[in-house]
Amino acid sequence: MKRIGYGIITLLMFFILITGCATFRPVDLNPQIKSGQLVQKTDNFIVLFDKSASMSELHGKPMVNETTRLIHAKDATRNMIATIPEIKLNAGLRTFWSEETALIYGMKTLVKEDYTKAINAIENVNGRTPMGKAITAAGNDLKSAGGNSAIIIVSDFSEIPGIDDIRPANVIEAITKVNAEYGDKLCVYAIQVGYTADGKELSEQIVQNVEGGYTVNADKLITPEGMAAFVEKVISGNCSRYQQLVAKPTEKIVIIVAEPKVEEKVVAAVAELKAEEKVVAAVAEPKAEEKVVAAAQEMKAEEKVIILILAFEDIHFDFDKSTLKPGAQTILKRNIQILKDNPKAKVRIAGYTSASGTDAYNQKLSERRANAVQEYLINEGVITRDRLSTIGYGETNPAMYEAAPKEIYSKEAKANMRVLFEIIVK
C-alpha cells in the first residue's frame, strides 16, 4: 500500500510540474495602451462558443498530446481574456449547441475573473451546431451597446458527416444580416479549432461576408506572442487583413515601392497614367488566373510620379529549406539580367515562409532564404552588394491564407514559401 501511495504522490507531483511549466503567461499590453502605441477602438465584444457534438472530437494537431476541440477552444478563450489589458470593455459570452443558444455572461463590463469562471463552466458537448441562431442572437445582444463591436466565433466550423448539422447557408444569411445592421462598426473574428477542410472553408466564407473580418487557426494563438497579436487586432479594430489577402485573390502586387521620401509619394505607374486608372504590369510567365496590379492611390497633381516597372519573378522553396533549386536559379539568372539592364535600381530581397512552425523559427528561415538569394545574385551576376539588401518577414503577409498550417504541402503553403523582390526608390 505504501508503495502504491508513494507512486501516486510521485505521479501527482510530476503532473503538477508538467502543467505548471505549461502555464500560459500573457504578454502585458498595458504599456502599449499607456504609451498610445495600441489605441482602443473596440468598445464591446461577444464570444460565440461552439459546444456542439463535433467539439468532442480530437483537435488533431500532430506531435503533441491530443486534446479535444472543446478543451483547445476553452484554452484559447481563457488565454485571450488573460491577455486583454486593463481597459473598459463590455463583454458577452454566448454558447450554442443542439438547437439552443444561451448568453452565459453579459452583456456587461468585463471582469476577467468572472468571465473565466463562465468559460470553465462550459461542458456537456452535444447536438448539432446552430451557429446561425447564435450569430443572430449576438446581433441582438449588441443592440444596447454603443460604439464599435467585435463578434468572436470559436468553433471547428465543421459538419458531422451524414447529419444535418451546421447548415452553412443559414450561417451566411445570419452574418450577412448582422453585417448589414452594424456595417463598419463591427469586426468579425473566426477562430477555428481543428483542421477540417469544410471548417476552413466556412470560416473563410463568414469573414468574406462582413465589412471587416479576420480568421485564424487556434494553433496560431498558442504562444503568448501569437495571442497578443490577435488581441491587439480585436482591441484596435484591425480586421481588414483577411479581406485584403484572401477576398481578392486575383490581385497580386509583386512590385513594391519602399522607403519613399517624406515630401513625395512614390508610386509604380505606366507612362501617360490617368489619375483614376489602375496600373497593370505584366510579369514573366504570369499564371492565367492572376493579374499583377499596382494602384496609384489618392495621387495629387503636384506629386512626383516615378515610372518604374521591373518584372521580377518570385522564387519559391521546398518546405523548411533555404536551398535554391535548379528552377529557382534559372529564374534568378533572368532577374540578374534585369538588374544589369537597370543599373540604378536597388532591390530589397524579402523572404517569407508558410504558416507551419513557430513564429521565431519561421522568422529565421525567412532571413536565410533572403540571404541565399542575395549571395547567389552577388556570386553569379556580378551585382554589387550595395545594390541589394535583405529582410525576413517570417510567416507574416502571406500570399495566400493558410487555415490549416499542418497541411505543409497545400497550394497555400507552397505559395508562401517564397522570396520577393522589392524595388527601393529613394
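Results, tabulated for the structure shown:
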| quantity | calculated |
| --- | --- |
| Test: residue in the range 35-58 that is among the basic types (Lys, Arg) and either at pLDDT 85 or above or in the same structural domain as residue 232 (by TED's automatic domain parsing) (or both) | yes |
| Matching residues, the range 130-175, being more than 17 Å from residue 192 (Cα to Cα) and within 23 Å of the chain's Cα centre (by Cα) | 148, 149 |
| Residue match in the range 112-119 (condition: touching a helix residue (DSSP H, G or I) at 6+ places or on another chain (Cβ under 7 Å), within 19 Å of residue 234 (Cβ to Cβ) and surrounded by fewer than 16 Cβ atoms within 10 Å (Cβ to Cβ)) | yes |
| Hits in the range 136-190 - residues which are over 16 Å from residue 48 (Cα atoms) and surrounded by 23 or more Cβ atoms within 10 Å (Cβ to Cβ) | none |
| Matching option when the condition is crowded, with 17+ Cβ neighbours inside 10 Å, out of contact with any Pro (no Cβ under 7 Å at 6 or more places or on another chain), part of a helix (DSSP H, G or I) and at pLDDT 75 or above, among 371, 379, 362 | 362 |
| The range 68-111, subset assigned to a strand (DSSP E or B) and of a type in the set (Gly, Ala, Ser), residue surrounded by the most Cβ atoms within 10 Å (Cβ to Cβ) | 92 |
| Counted residues, the range 322-346 - those being out of contact with any helix residue (DSSP H, G or I) (no Cβ under 7 Å at 6 or more places or on another chain) and in contact (Cβ under 8 Å) with a residue 60 or more places away in the chain | 1 |
| Test for residue 15: is it among the aromatic types (Phe, Trp, Tyr), at pLDDT 90 or above and over 19 Å from residue 224 (Cβ atoms) | no |
| Test result for residue 195, assigned to a helix (DSSP H, G or I), surrounded by fewer than 24 Cβ atoms within 10 Å (Cβ to Cβ) and among the aromatic types (Phe, Trp, Tyr) | no |
| Residues of the range 148-192 classified as in a helix (DSSP H, G or I) and without any contact (Cβ under 8 Å) to a residue 24 or more places away in the chain, total | 2 |
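This table checks each residue for (1) modelled with pLDDT under 90; (2) among the β-branched types (Val, Ile, Thr); (3) in contact with a strand residue (DSSP E or B) (Cβ under 9 Å, 6 or more places away or on another chain); (4) farther than 19 Å from residue 174 by Cβ.
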residue: 196; (1), (2), (3), (4): yes, yes, no, yes
residue: 201; (1), (2), (3), (4): yes, no, no, no
residue: 204; (1), (2), (3), (4): yes, no, yes, no
residue: 225; (1), (2), (3), (4): yes, no, no, yes
residue: 228; (1), (2), (3), (4): no, no, no, yes
residue: 234; (1), (2), (3), (4): no, yes, yes, yes
residue: 238; (1), (2), (3), (4): yes, no, yes, yes
residue: 241; (1), (2), (3), (4): yes, no, yes, yes
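Residues checked against (1) assigned by TED's automatic domain parsing to the domain that holds residue 178; (2) modelled with pLDDT of 95 or more; (3) closer than 22 Å to residue 76 by Cα:
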residue: 131; (1), (2), (3): yes, yes, yes
residue: 136; (1), (2), (3): yes, yes, no
residue: 143; (1), (2), (3): yes, no, no
residue: 149; (1), (2), (3): yes, yes, yes
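The values are calculated or read from the model by the stated rules, or taken from the named source; none is laboratory data. Because the structure is a prediction, the values reported are computed rather than measured. Cβ atoms come from the backbone with ideal geometry, glycine included; neighbour counts cover every protein chain shown.
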